[in-house]
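Below: one structure, written as structure tokens.
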Amino acid sequence: MTDDQQRARELLAQEYECDGITHVPDCIRREAMLTEMEHRAIRAITAALRAAPEWNPIQTAPEGRLVVVGWLDTEDSHYPENYEFDYLEDGLWAKHEDCVEHAHAVAPPGSQMPKEQPPYQWWLDLPAFPAARPQGVK
């Protein structure tokens, strides 16, 4: 059993527990006799888990490819989750570097400047565009 399948079983078991059903969750976790509907639910949850994009540590970001970068701003209590598009080039985040250079060039003295080092903590691949489809086909 893969980690995704085990996670799917655990999620389904927790849903039964939330509904107050106590005997089924243990069967789901132990791979005991399950109904066809429970097997279908586990397959569907597993597929959804595999399709969901995952955030990666910023240290593993690829060079030369546009990605979504994310970070938590502990100074912003209303909107602490931040994200941006950027790409790593020769060890520097290009968009962030451009922003810092621009600020140094045009900001009046005493202005709040962006930090020299980007605050990025995670990155995420951009999904592929859907293939061209004939009109009316979903």
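Some observations on this one:
- Label point at residue 99 placed 7 Å out along Cα→Cβ; residues across the stretch 53-72 whose backbone nitrogen lies under 14 Å: 67-72
- Additional length obtainable on full extension of the chain from residue 48 to residue 75, 0.36 nm per residue less Cα span: 6.3 nm
- Extended-chain gain in nm, criterion 0.36 nm per residue less alpha-carbon gap, residue 84 and residue 21: 18.4 nm
- Mean ellipticity per residue at 222 nm, deg cm²/dmol - from DSSP H runs of n ≥ 4 across the chain, formula -39500 (n - 2.57): -12000 deg cm²/dmol
- Among the listed values [x] 1.07; [y] 1.14; [z] 1.17, the one matching Rg/Rh (Cα atoms, Kirkwood Rh) as calculated from this structure is [z].
Every number in this text was worked out from the coordinates using simple rules, so none of it is lab data. Note that the structure is predicted; figures quoted are calculated from it, not measured. Don't worry about glycine lacking a Cβ; one is built from the backbone with ideal geometry, like all the others, and counts go over all protein chains shown.
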